[in-house]
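Chemist: Submitted below is the structure of interest, expressed as structure tokens.
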Amino acid sequence: MLPISVTILTKNSEKHLQAVLEALKEFDEVLLCDTGSCDRTLEIGAAFPNVRIEKLCFTGFGPTHNEASSLAKHDWIFSLDSDEILSPALFEELRHVPLRLGMVASVPRKNFYRGKWIWGCGWYPDRVVRLYNRRETEFSSAQVHEAVQCAGLHVHPLQSPLFHYSYDTVADFLQKMQIYTQLFAEQNRGKRSSSLFRAIAHGSFSFFKAYILQGGIFIGVEGLEISWYNANTTFYKYLKLWEIHRKDRKSVV
């Protein structure tokens, strides 16, 4: 058993959870931190002997990840999303990675849409830091786009991927767009300026970046859909932020 605790935040995560947990059977502890599932998530998790279930209140992605790590058995934490499957090659790398203080480890992600690996649009290698020692660092307090803080630490790059199945349908895009745009607006309230023009400009550049600069044009219809999704998500992030600022100004008057 690896002396690493895997932490996973879940909410109605039954779709991929069986496969996610199957790939983690050799870990000493998998801590499944649920924030209000009403599907089969808890039933699936309870079927695995190395899985421990904790019920948490969602306080934003960064803070909730940190609460999850504080409940773990081991100091070394591997943070995993509920739609990310550990590749066999990555498991072998983790078995041999030197767990030394002063380091964290990053992993590349292979992101899939409708079962197709998307190598462009900024979706690969999509490297993220996921292995860390909780006594030395933690996730940022960001509500969304949270990340392990790495200042002063050596980042060890693992080479084998996580398989990430975050989007299977257009409905998945729309559902996550609503969540992430709202969290972005709340997180940046009073911190970042916005306007209708900024929303249009940021959204337009986001499409250009994903479709042209990052090769979405070469991935077929999926590349176009993802680039358009990126543009819309960026547009509505700044539009919601502008809306919040207008409401705040009216409440002061």
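Chemist: Counting only complete DSSP H runs, which helices of the chain cover 15 Å or more along their long axis at the Cα atoms and score a mean Kyte-Doolittle of 0.5 or above?
Modeler: Span-like helices in the chain: 196-208.
Chemist: Now, a different point. With every protein chain kept in the model, how would you rank Asp34, Asp81 by accessible area, 1.4 Å probe, largest at the top?
Modeler: I get Asp81, Asp34, largest accessible area first.
Chemist: Right, another one. Once every DSSP H run of n ≥ 4 in the chain is given -39500 (n - 2.57) and the sum is divided by its residues, what mean residue ellipticity at 222 nm do you get, rounded to the nearest 500 deg cm²/dmol?
Modeler: -12500 deg cm²/dmol
Chemist: At 1.4 Å probe size, with every protein chain present, just tell me what the per residue accessible area of the stretch 164-251 comes to in Å².
Modeler: That works out to 57 Å² per residue.
Chemist: With the cut-off at 1.5 for a/c, could you classify the stretch 1-157 from its C-alpha gyration tensor as rounded, prolate or oblate?
Modeler: rounded
Chemist: So if I place +1 on the C-beta of Lys and Arg and -1 on the C-beta of Asp and Glu, and nothing else carries charge, what would the dipole magnitude of the stretch 188-253 be about its Cα centre? I want it in debye, nearest 20.
Modeler: Dipole magnitude for the stretch 188-253 comes out near 600 debye.
Chemist: Using a simple spin-label model with points 7 Å from Cα along the Cα→Cβ vector, what separation in nm is obtained for Glu54 and Ser160?
Modeler: A separation of 2.7 nm, rounded to one decimal place.
Chemist: Output the Cα-based Rg and Dmax of the stretch 13-85 in Å, rounding Rg to one decimal and Dmax to a whole number.
Modeler: Values for the stretch 13-85 (Cα only, Rg and Dmax): 11.5, 31 Å.
Chemist: Also: Can you send over the solvent-accessible area of Lys247, 1.4 Å probe, protein chains only, in Å² to the nearest 10?
Modeler: It works out to around 130 Å².
Chemist: Leaving out ligands, DNA and RNA, and with a 1.4 Å probe, what % of the accessible surface on the stretch 86-191 is carbon or sulfur?
Modeler: Within the stretch 86-191, the accessible surface is 53 percent carbon and sulfur.
Chemist: Can you list the lysines whose alpha carbon is less than 17 Å from that of Lys55, not counting same-chain residues fewer than 8 positions off?
Modeler: Those lysines meeting the cut-off are Lys11, Lys73.
Chemist: While we're looking at this one, here's another question. Quick one: Cα centre-to-centre distance for the stretch 99-152 and the stretch 159-198, in angstrom?
Modeler: Computed from Cα coordinates, the inter-centre distance equals 16 Å.
Chemist: Same structure, new question: For the stretch 133-236, how big is Rg over Rh, using alpha carbon atoms and the Kirkwood form of Rh?
Modeler: Rg/Rh: 1.02.
Chemist: Tell me the per residue accessible area of the stretch 94-146 using a 1.4 Å probe; a whole number in Å² is fine.
Modeler: On a per-residue basis, 48 Å².
The values are calculated or read from the model by the stated rules, or taken from the named source; none is laboratory data. Here the structure is a predicted model, which is why all the values come from computation and not from measurement. In this analysis, Cβ positions are derived from the backbone assuming ideal geometry, glycine residues included, and neighbour counts consider all displayed protein chains. With ligands, DNA and RNA removed, areas are computed over all heavy atoms of the protein, side chains included. Shrake-Rupley method; radii C 1.70, N 1.55, O 1.52, S 1.80 Å.
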